[in-house]
Amino acid sequence: MTPSSIPEPSSSVAAPGELAEPQRDALREVANIGCGHAANALARLMGGKPVHLSVPRVESIDLSRDAAAIPALLGGAGARVLGAKLGVEGALQGWLLMLLPERDGQALGRLLMGTRPASAEDTRSALSETANILASACLSAIGTLTGWRLLPSVPHLTEGPAGDLVAEVVAGLEGASARLVVLEARFSTHSVPPVNGQLLLLLEPRASRELLQRLGV
């Protein structure tokens, strides 16, 4: 699907606040393309080691009714995670998250530093730069798909319970009491030790509607 071949709007109708199946399919393809490019970027950073990407998920979450739904995607509100959050700048408003279980995040940092001696600050810096590279690859691919120029903000490295991170991100979203569309994909590296993590794109209600309109569904 390219900007020059955006299909005619679908006639499928969903219940208010819900996503029709053609809309879910379109958003799943957006996540597949964006996260796929991010996974390829991670593979290059790791010296060509393969990175497996799961089939992306699309969730439309009513935060006023199910505030625990997003932390549940990360293993629960109390699960400790390490990663980075970046704002999406341009025609699409939202947040992009690269998150790993704490132990996996530390392992990825060591793998990225290779044999070089590194302090804890060096490792955190490597993770932050990796998040920036992955987010740029993801948003560039989505930009090519939509014809929009999308850029990530400066990454903010975060560590702690998943519930705290999600609460912080959601608090900064417009319309946080309404539905939030979450595009999520899991990645795993073929490295020693193996590293597992997640990429999530959180879209405000208005942003998800504009994206779907851009895609013609």
Worksheet item: Once both labels are modelled 7 Å past Cα along the beta-carbon direction, what's the Glu89-Ser188 spacing in nm?
Response: 3.6
Response to the item:
A correct fewest-to-most ranking of Cys138, Cys35 by other Cβ atoms within 10 Å would be Cys35, Cys138
Discussion item. Counting other beta carbons within 10 Å of each residue's own, what order do Met98, Met46, Met113 fall into, fewest first?
Written reply: Met113, Met46, Met98
Worksheet, complete the sentence: Given a Förster distance of 45 Å, the FRET efficiency implied by the Cβ-Cβ spacing of Arg80 and Ala20, rounded to the nearest 0.05, works out to 0.75
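Per the Kirkwood definition applied to all pairs of different Cα atoms, how many angstroms is the hydrodynamic radius of the chain? Mind showing how you got there, number by number?
On the way: mean 1/r = 0.0569 Å⁻¹.
Kirkwood radius, the chain: 17.6 Å.
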Item to complete: Tell me what the chain gives for mean residue ellipticity at 222 nm when only DSSP H runs of n ≥ 4 count, each as -39,500 (n - 2.57), the sum divided by the residue total, rounded to 500 deg cm²/dmol.
Response: -13500 deg cm²/dmol
Worksheet entry | Estimated distance in nm for a label pair at Glu29 and Ala69, the labels positioned 7 Å out from Cα along Cα-to-Cβ | 2.4
Fill in: Taking all pairs of distinct alpha-carbon atoms in the range 71-183, Kirkwood radius in angstrom
15.0
Worksheet, complete the sentence: Expressed in nanometres to one decimal, the distance between label points 7 Å along Cα→Cβ at Arg206 and Glu121 is 4.0
Worksheet entry | Residues Trp95, Trp148 arranged by fewest to most Cβ contacts within 10 Å | Trp148, Trp95
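The numbers here are math on the coordinates, done by the rules we state, and not lab data. In this text the structure is predicted, and so the values were computed from the model without any measurement. Positions of Cβ are backbone-derived with ideal geometry, glycine not excepted, and every protein chain shown enters the neighbour counts.
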